[in-house]
1. State whether one or more residues within region 418-425 are in a helix (DSSP H, G or I), free of Cβ contacts under 8 Å to residues at least 24 places away in the same chain and either more than 26 Å from Leu386 (Cβ to Cβ) or in the same structural domain as Val333 (by TED's automatic domain parsing) (or both).
2. Criterion first (in contact with a Pro (Cβ under 9 Å, 6 or more places away or on another chain) and either under 21 Å from His232 (Cα atoms) or part of a loop (DSSP other than H, G, I, E, B) (or both)) does Thr415 satisfy it?
3. Of everything in region 16-51 that's among the small types (Gly, Ala, Ser) and surrounded by 12 or more Cβ atoms within 10 Å (Cβ to Cβ), which residue is nearest to the chain's Cα centre (by Cα)?
4. Name every residue in region 185-213 that is of a type in the set (D, E, K, R), in contact (Cβ under 8 Å) with a residue 24 or more places away in the chain and outside any helix (DSSP H, G or I), in order of residue number.
5. Does at least one position in region 35-53 carry a residue that is aromatic (Phe, Trp, Tyr) and either in contact (Cβ under 8 Å) with a residue 40 or more places away in the chain or under 27 Å from Gly334 (Cα atoms) (or both)?
6. Only one of (1) over 19 Å from Val402 (Cβ atoms); (2) under 20 Å from the mean Cα position of the chain (by Cα) is not met by Val467, so which one is it?
7. Return yes or no: is Leu369 surrounded by 18 or more Cβ atoms within 10 Å (Cβ to Cβ), touching a strand residue (DSSP E or B) at 6+ places or on another chain (Cβ under 9 Å) and in the same structural domain as Leu455 (by TED's automatic domain parsing)?
8. I'm checking my understanding of the structure. Among residues of region 132-188 that are of a type in the set (A, V, I, L, M) and touching a Phe, Trp or Tyr at 6+ places or on another chain (Cβ under 8 Å), which one is surrounded by the fewest Cβ atoms within 10 Å (Cβ to Cβ)?
Amino acid sequence: MSSLTPLDLERPPELGTPRRLLVLLALALIAVAWWQVIDLGDRVAVSTDEQAGVPLDLLVPAGAADAPGVVVAHGFSGSRQLMRSTGLALAEAGFVVAVVDLSGHGANPTPLIRDDDGAQLTDDVLAGVDALVGTEVVDADRIGVLGHSMGSGAVLRAGMADPGRIGAVVAVSPTDAEVTPESPGDLLLLAGALEPRYAALGLDLLERAGGEDPAGARGPRRAFELIDGVEHVTILFSRQMHAAAAEFLAVSLALDADPVPGGLPPIGWWVLHLVGVLLLWRMVVPLLADRGAPADATGRGVVGAVLGALVATAVLAVVTAAVELTGAGGMLVGPVLAVWFLLAGSVWLWFGPRPQAPRWRDAAWAGVLVAVLLTAFGLLGSRVWLPGAPSGLRLGLAVAFVPAVLPWSLGVATTIQGPRGWRAVGWWALLVVVLTGGLAVAANVLEPLRFLLLLLPLIPAVLTAAVVAFLPLQRPWAAGGATSVLLAWLMAVLFPLV
């Protein structure tokens with residue numbers, strides 16, 4: 001008889017003491033996470049504004065007057081929420097910060113122009129500069145900019161386009177720009193130790209900008225720093241990165257900065273919130289659920305997953321060679337990814353296990369699971385790293401993505417149902433490798449999906465959280481439907497409009 005794991009459940013005869021204690025622990029995790037994220041106390045005032053059509057969050061430290069200002073810009077598929085941790089760290093160090101949504105991203109409805117040599121994104125950053133200068137608490141002569149990945153190119157170009165106002169540039173995971181020893185002004189280049197491509201780009205930019213010169217003995221200051229233990233996404237939540245940026249900007253913009261706060265960044269508290277919600281659900285659902293009993297077909301399911309990924313990638317490779325799909329549906333990445341999910345999921349269900357016909361209780365439980373997953377991911381996530389509810393074109397795409405993703409989500413749900421104990425964990429680990437590998441192959445082969453290579457580390461975490469939520473029910477239709485809504489929402493709010 002196999003031992004139980006958190007992926008399984010047995011209906012308890014009553015709400016016993018251990019379960020009560022775990023419920024209290026879950027509620028405590030949720031409460032502490034919310035308190036830590038929203039209770040900024042008297043340290044930073046946060047408000048939402050717009051400048052020349054560019055949505056932005058303005059972060060003003062308590063008592064700010066004639067303070068230096070910093071514009072913070074996200075990367076491709078990012079948003080101002082994703083840069084909130086960086087913005088708050090700089091604000092708590094004493095800077096007034098404007099965190100912008102670049103064109104086509106987040107709440108900015110302006111389509112992203114892809115063939116203007118970055119002029120549109122540069123203008124977005126300069127709009128953030130205008131917003132800072134327009135406040136009463138910012139010294140217009142002490143302005144810096146910080147950008148990540150695609151946003152790094154935007155802030156580098158902004159620094160070169162408006163050197164009279166922008167005295168310092170921080171490029172995180174930098175992309176290319178025509179830097180010189182004289183332009184832009186003070187320049188700090190930061191890259192993660194686990195993203196060698198961007199570290200190499202940073203060193204190349206440093207050389208073209210005149211080489212290492214942290215004191216500015218030959219002209220504008222120049223520096224490069226490698227951030228330990230992080231890659232392209234996790235660098236945004238690194239306290240080492242935050243401290244390096246704040247210290248460099250403080251010298252360049254003449255600020256006696258406060259130390260960057262230690263401890264967990266907001267994303268860490270969001271993770272605790274996610275754990276708390278899933279733990280609470282895991283403790284309560286045995287008291288409510290009429291557990292299904294699907295057959296164990298994990299072996300066939302894994303084979304179906306492999307075949308689905310290969311067939312979908314091959315079909316789309318032929319199609320994209322004949323038809324331009326980049327930007328289809330008014331969005332980059334998302335629509336092509338939805339088609340890939342539809343093809344891969346359909347093949348998966350054809351060759352692998354298929355769920356029994358859905359029943360009305362499956363629809364009811366799907367609704368409950370959607371509420372649980374969106375609460376776990378989005379309720380606090382919209383304050384930490386994810387845009388909130390989609391609107392306009394994004395809302396229409398989210399609705400369209402759900403049926404496209406559903407076959408693939410059903411494949412996941414049907415394959416993993418059935419096994420118990422550590423056997424279920426083993427099969428899930430194998431399936432995660434297969435699913436992540438399938439998406440990696442697609443991203444390498446299909447140009448419209450190339451960006452997914454940077455997101456691959458997040459995929460196992462998102463899918464595992466969904467499985468922890470849905471597996472106890474043993475209802476593939478409810479699980480597949482809820483997971484398709486979660487993935488459709490993430491696709492609709494993350495990828496840029498064109």
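1. no
2. The answer is no for Thr415.
3. Filtering first and then ranking leaves Ala33.
4. Matches in region 185-213: Asp186, Glu195.
5. Taking every residue of region 35-53 in turn, none turns out to be aromatic (Phe, Trp, Tyr) and either in contact (Cβ under 8 Å) with a residue 40 or more places away in the chain or under 27 Å from Gly334 (Cα atoms) (or both).
6. Result: Val467 passes all but (1).
7. no
8. Met150
The values are calculated or read from the model by the stated rules, or taken from the named source; none is laboratory data. Keep in mind the model is a prediction, meaning the values are calculated, not measured. Cβ: placed from backbone, ideal geometry, glycine included. Neighbour counts: every protein chain shown.
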